[in-house]
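Just so you know, all these numbers are worked out from the coordinates, no wet-lab data involved. None of the values given here were measured: they were computed from a predicted structure. Cβ placement follows ideal geometry from the backbone for every residue including glycine, while neighbour counts extend to all protein chains displayed.
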Amino acid sequence: MPNYKELIKEIANDLGFHQVSFASLAPLENKGAHFNQWLDMGFQGTMNYMAREPETRLNPALLAPQSKSVIVLAVNYYTQRPEKPGPFHGAVASYAVGRDYHLVIPEKIDLLKQKIEQLLNQKSQSKICTDSAPVYEQGLSERHGIGFSGKHTLIIGPKLSGSYNFLAELFLDIDLSKFGIEPDGPYKGTCGDCFRCGTACPTGAIQNHGDFFVDARLCISYQTIENKGAIPIELRSKLENWVFGCDVCQEVCPYNSKTSSTPWIEFEPEAGVGHYLDLFSMLKIKTQSEFKLRFAHTPLSRPKRRGILRNTLVCIGNEIANGQDDKFYLQKLFDFASNEAEPLLREHAAWAIAQSNSAFANDLISKLRAKEVEVNKIN
Ligand code: B12
Ligand code: SF4
Ligand code: SF4
């Protein structure tokens, strides 16, 4: 019999997936306690979907009951971050600079599926997941050799392929064991004594409670992407310049020091929003439909206009706090706050103005108070 495992790995590698593992559908029993501890500590915040269907998350067979096999894949999304173009530019996390991976990855996996069907001469019902279903993607990846879990909780691949990777799964109703394909074992890697990610994290989100966890409520990625309400006042300055997501724990990781660039043009900055957003130009987007036109094909569509403009105002406020408080910028914020219909955005704009101690800023704040705009000044 041909070595089907190697042949399928070669096909997937040629498509750009640098890590390919054959996984078992058996429950992730050893991960149950860890996952439940994370939920018990409330670290999921308002991501209620994380508490739904815990049985499915820990038992991949329940997700696609007709499946007999699952292939786990990793693809690199990294492109080098250029210097910040100037003041009032907010940083977009690397995973989001190009086209939305929820759109790109399934297309590529569908190609892989067709090629597998040709190779095995067998049609298959399939299910493709990438951050889109209750699958414990990191647990599955860890158990079957995609990489090991770093203290920042992300999967780090072998041979310095690092952590700037998306994870994805192809569930098939073909019994691959009939083709001599058995599940892959774990890859053994370790962080050793390193805790650079935890030390560098601006908010202390990476925590050791016996196991390492991320308290999502403190994570800038959660606050800028998943949180639908106000950014907590005490976290606003910690967002610094991150307008969408955060890469700090990955930037400092030694396993990312030799990361190469993504093999797919879809993940290059030209295919999406790029590494930085011009913050004041974001404030010109007046409606959700205008926002959708510009961002629908990118991961930034998730928090909608309301979420992205809220983040934008926090980043502007942080630059103002760092001395960029010319009257010109403060006046622009005032005009925005005076004309914006959304109370959440008016409050964040007032907060941004209040980061300046100038007499001009104080005057604008008084005017906003007179217009009954909520003002939170403290940091
Ligand atoms: C919820 C979620 C979030 C939440 C919570 C993150 C978290 N760490 O729990 C928030 C919104 C904060 C988030 C942020 C990000 N996310 Co996210 N997220 C998810 C999601 C949907 C579930 C993750 C999960 O199950 N969390 C629950 C907790 C309990 O799991 P865990 O703690 O990570 O468990 C592992 C470790 O703790 C570790 N572990 C356990 N014990 C011990 C002990 C030791 C000693 C060590 C070292 C490790 C260790 O083993 C566990 C299994 O691997 C997955 C997609 C999916 N369906 O799985 C994507 C996913 C994890 N996210 C992803 C990405 C890219 C990100 C960001 C980098 C995006 C960004 N740049 O802003 C950040 C990274 C922040 C971080 N350091 O985690 C990728 C990660 C790819 C990879 N290489 O691992 C995923 C897999 C999506 C995908 N399909 O590619 N995310
Ligand atoms: S993404 Fe940023 S805030 Fe979240 S754990 Fe990593 S460094 Fe901390
Ligand atoms: S920075 Fe250090 S501790 Fe954190 S994931 Fe990388 S190797 Fe592990």
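Figures for the structure shown
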quantity	calculated
The chain: Rg to Rh, with Rh as the Kirkwood radius over Cα pairs	1.02
Helix-derived mean residue ellipticity, 222 nm - over the chain, DSSP H n ≥ 4, -39500 (n - 2.57), to 500	-10000 deg cm²/dmol
Extended-chain gain in nm, criterion 0.36 nm per residue less alpha-carbon gap, GLN331 and GLN288	13.1 nm
Hz values of 3J(HN,Hα) by residue in the stretch 97-112 - Karplus curve (6.51, -1.76, 1.60), Gly and Pro given as x	6, x, 6, 4, 5, 5, 8, 6, 5, x, 4, 5, 5, 5, 4, 4
Segments 141-150, 121-130, 259-268 sorted - mean Cβ within 10 Å per residue, highest first	141-150, 259-268, 121-130
Dipole-positive endmost among PRO183, PHE195, PRO158 within the stretch 152-210 (Cβ charges, Cα centre)	PHE195
For the stretch 62-129, Kirkwood radius (reciprocal of mean inverse C-alpha pair distance, Å)	15.3 Å
Surface/4 estimate of mean projected area, convex hull on alpha-carbon atoms of the stretch 205-254, nm²	4.1 nm²
Distant alpha-carbon pairs in the stretch 1-138 (separation over 17 angstrom), percent	69 percent
Note, ³J(HN,Hα) from phi for the stretch 199-214, Karplus 6.51, -1.76, 1.60, rounded to Hz, x at Gly and Pro	6, 7, 4, x, 10, x, 6, 8, 10, 9, 10, x, 9, 8, 9, 10
Share antiparallel - DSSP beta bridges, the chain, percent rounded to 5	95 percent
q = 0.13, 0.15 Å⁻¹, the stretch 124-266: log10 I(q)/I(0) [Debye, one scatterer per Cα]	-0.70, -0.90
Stokes-Einstein D in µm²/s, Kirkwood radius over Cα pairs - the stretch 1-61 at 25 °C with 0.890 mPa s viscosity	171 µm²/s
J(HN,Hα) series, the stretch 13-30, from Karplus relation 6.51 cos²θ - 1.76 cosθ + 1.60, nearest Hz, glycine and proline x	4, 4, 6, x, 7, 7, 10, 9, 9, 9, 10, 9, 8, 4, x, 8, 4, 6
Kirkwood-based shape ratio for the stretch 82-162, expressed as Rg/Rh from alpha carbons	1.08
Value of D in µm² per second that Stokes-Einstein yields for the stretch 283-379, Kirkwood Rh from Cα pairs, at 10 °C (1.306 mPa s)	117 µm²/s
Å³ per residue enclosed by the Cα convex hull of the stretch 207-295	155 Å³
Principal axis dimensions, largest first and in whole angstrom, of the stretch 258-309 by Cα	40, 19, 16
Burial ranking of peptide ranges 288-301, 164-177 (average Cβ count within 10 Å, highest at the top)	164-177, 288-301
Approximate shape of the stretch 232-275 as ellipsoid semi-axes (Cα gyration tensor, √5λ), whole Å, largest first	25, 17, 6
Viscosity 0.692 mPa s, temperature 37 °C, Stokes-Einstein D of the stretch 301-351 from Kirkwood C-alpha radius, µm²/s	294 µm²/s
Cα-based Rg / Dmax (Å) for the stretch 330-379	9.4, 27
Segment THR190-MET47, length gained on full extension (0.36 nm per residue, minus Cα span)	48.6 nm
Charged-residue dipole, Cβ positions (Lys, Arg, Asp, Glu), the chain about Cα centre, Debye nearest 20	500 debye
